[in-house]
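The values are calculated or read from the model by the stated rules, or taken from the named source; none is laboratory data. Worth saying up front: this structure is predicted, and the values here are computed from it rather than measured. Because the Cβ atoms are built from the backbone with ideal geometry, glycine has one as well, and the counts that use them run over all protein chains shown. All accessible areas refer to the heavy atoms of the entire protein, side chains included, with ligands and DNA or RNA removed. Shrake-Rupley method; radii C 1.70, N 1.55, O 1.52, S 1.80 Å.
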Amino acid sequence: MEYISHNLETTNEVAKEFLKTLSPLRGRATIIELIGDLGAGKTTFTKSLAEELGVEDIVISPTFVIQKRYNITNHPHFKTLIHIDAYRFETQEEIKALDLEQDIQNGENLILIEWPSKIQNHIPESIKLNFEHMNETTRKIWW
Ligand SMILES: Nc1ncnc2c1ncn2[C@@H]1O[C@H](COP(=O)(O)OP(=O)(O)OP(=O)(O)O)[C@@H](O)[C@H]1O
Ligand SMILES: [Mg+2]
């Protein structure tokens with residue numbers, strides 16, 4: 001699928017469509033790699049998806065905290081949204097501190113990772129979601 005979004009409302013709609021395509025796995029988290037440059041819309045899309053999933057907390061960019069966890073209240077299968085931003089990752093120790101391996105073994109987790117290339121060796125099978133900055137208000141989103 002490929003979408004051109006000219007505004008945040010459309011990005012919300014794209015997130016809704018994307019969510020419909022997910023079929024949760026038994027005993028294994030669903031992992032989504034968010035691929036695209038700075039400002040391409042990875043965090044914004046995560047916010048849209050969180051809203052759709054009934055996350056009640058305010059979703060913030062995890063750039064400085066590395067990882068944020070949110071309760072999902074509005075999905076038949078997923079219970080926890082885990083949002084990781086690997087942009088600042090430099091050492092293997094930082095990756096270990098994430099508990100990623102354990103989180104991957106829980107099928108109720110939906111894990112979204114910004115800058116997945118930084119931790120590529122630690123990511124098993126995943127869905128790749130791509131973002132491109134076209135102009136100030138236009139984003140291409142595809143998977
Ligand atoms: N059509 C659109 N869809 C989504 N975001 C848009 C759109 N038009 C403009 N924007 C703006 O683009 C910006 C995207 O920033 P965002 O923080 O989501 O990027 P990011 O990919 O997470 O960057 P980073 O790698 O720095 O974390 C936001 O300020 C958002 O308001
Ligand atoms: Mg971001």
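For segment 80-89, indicate whether the set of residues that are modelled with pLDDT of 95 or more, out of contact with any Pro (no Cβ under 6 Å at 6 or more places or on another chain) and open to solvent by 10 Å² or more (accessible area, probe 1.4 Å) is non-empty.
Checked against the condition, which is being modelled with pLDDT of 95 or more, out of contact with any Pro (no Cβ under 6 Å at 6 or more places or on another chain) and open to solvent by 10 Å² or more (accessible area, probe 1.4 Å), segment 80-89 yields at least one hit.
Which of the residues belonging to segment 1-59 are open to solvent by 80 Å² or more (accessible area, probe 1.4 Å), aliphatic (A, V, I, L, M) and in a helix (DSSP H, G or I)?
Leu8
Looking at segment 72-105 only, could you name the residues that are basic (Lys, Arg) and more than 16 Å from ligand 2 (Cβ to nearest atom)?
Lys79, Lys96
Please list, ordered by first then second residue, the pairs with beta carbon atoms under 6 Å, 6 or more apart or interchain, first in segment 107-118 and of a type in the set (D, E, K, R), second within 15 Å of ligand 2 (Cβ to nearest atom).
That search, which allows pairs on different chains as well, returns Glu114/Leu34; Glu114/Lys42; Glu114/Asp85; Lys118/Ala86; Lys118/Phe89.
Assess whether Ile119 counts as being of a type outside the set (D, E, K, R), touching a helix residue (DSSP H, G or I) at 6+ places or on another chain (Cβ under 9 Å) and closer than 19 Å to Thr21 by Cβ.
no
Would you point out which residue out of Asp99, Asp103 is without any contact (Cβ under 8 Å) to a residue 12 or more places away in the chain and more than 14 Å from Phe131 (Cα to Cα)? Spell out the reasoning first.
Details: Asp103 fails: without any contact (Cβ under 8 Å) to a residue 12 or more places away in the chain.
It is Asp99.
From the set of residues in segment 57-88 that are of a type outside the set (S, T, N, Q) and farther than 27 Å from Gly27 by Cβ, which is nearest to ligand 1 (Cβ to nearest atom)? Don't jump to the end; show me each part of the working.
Pass one, segment 57-88, residues of a type outside the set (S, T, N, Q): 57-60, 62, 64-66, 68-70, 72, 75-79, 81-88.
Within this subset, residues satisfying the condition of being farther than 27 Å from Gly27 by Cβ are 58, 60, 64-65, 87-88.
Working: Ile58: 14, Ile60: 10, Phe64: 11, Val65: 12, Tyr87: 6, Arg88: 11 Å.
By that ranking, first place goes to Tyr87.
Restricting to segment 93-122, give me the number of residues that are surrounded by fewer than 18 Cβ atoms within 10 Å (Cβ to Cβ), modelled with pLDDT of 95 or more and in a loop (DSSP other than H, G, I, E, B).
Looking only at that region, the number is 4.
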